[in-house]
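Accompanying notes for the structure given below.
The values are calculated or read from the model by the stated rules, or taken from the named source; none is laboratory data. Just so it is clear, the structure is predicted and the values come from calculations on it, not from any experiment. Glycine gets a Cβ as well: all are built from the backbone with ideal geometry, and neighbour counts include every protein chain shown. Please note that ligands, DNA and RNA were not included when accessible areas were found on the heavy atoms of the full protein model with its side chains. Shrake-Rupley method; radii C 1.70, N 1.55, O 1.52, S 1.80 Å.
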Amino acid sequence: VTIGEMLCMSQKQVLRLFPVWPKEKDARFLNFRAEGAFLVSSELKGGVVQYVTLHSEKGRDCTIVNPWPGKAIHVYRDGKKVATLSGNRLVLETRPGVTVELKPGA
């Protein structure tokens, strides 16, 4: 449980990625179950989060702490860019069975 929380913390319906993982150590996880009926995958490489994939099982809103502070976030559904978000916390509207991918903006 401890290592899982170091990679993906889900508390009070807010996701935090790699919150206390050492940034100099690359890591990846697939389909971690998060509060709110989400399956989350991500990768940390060279101290930078590469992507976030979020599969919604129930279609609830998801709040995530921006894994790329100060950068805009591109949101993709079915491989198509559907939004660009910014801020410290991002609220994503989801639908049951839909997968959303987040990538950093330039």
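Things worth noting here:
- Mean Cα-pair separation over length for the chain, i.e. relative contact order, pairs under 8 Å, 6 or more apart, %: 23 percent
- At R0 = 41 Å, FRET efficiency that the Cβ-Cβ distance of A106 and V1 yields, to 0.05: 0.65
- Shape category assigned to region 44-106 from the gyration tensor of Cα positions, a/c cut at 1.5: prolate
- D78 paired with K23, simple spin-label distance in nm, labels 7 Å along Cα-to-beta-carbon: 3.8 nm
- Cα-based convex hull, the chain, per residue volume (Å³, whole number): 93 Å³
- Exposure check, 1.4 Å probe, all protein chains in place: K25 carries approximately 110 Å² of accessible surface.
- The chain, helix-only ellipticity at 222 nm - DSSP H runs n ≥ 4, -39,500 (n - 2.57), divided by all residues, nearest 500: -1500 deg cm²/dmol
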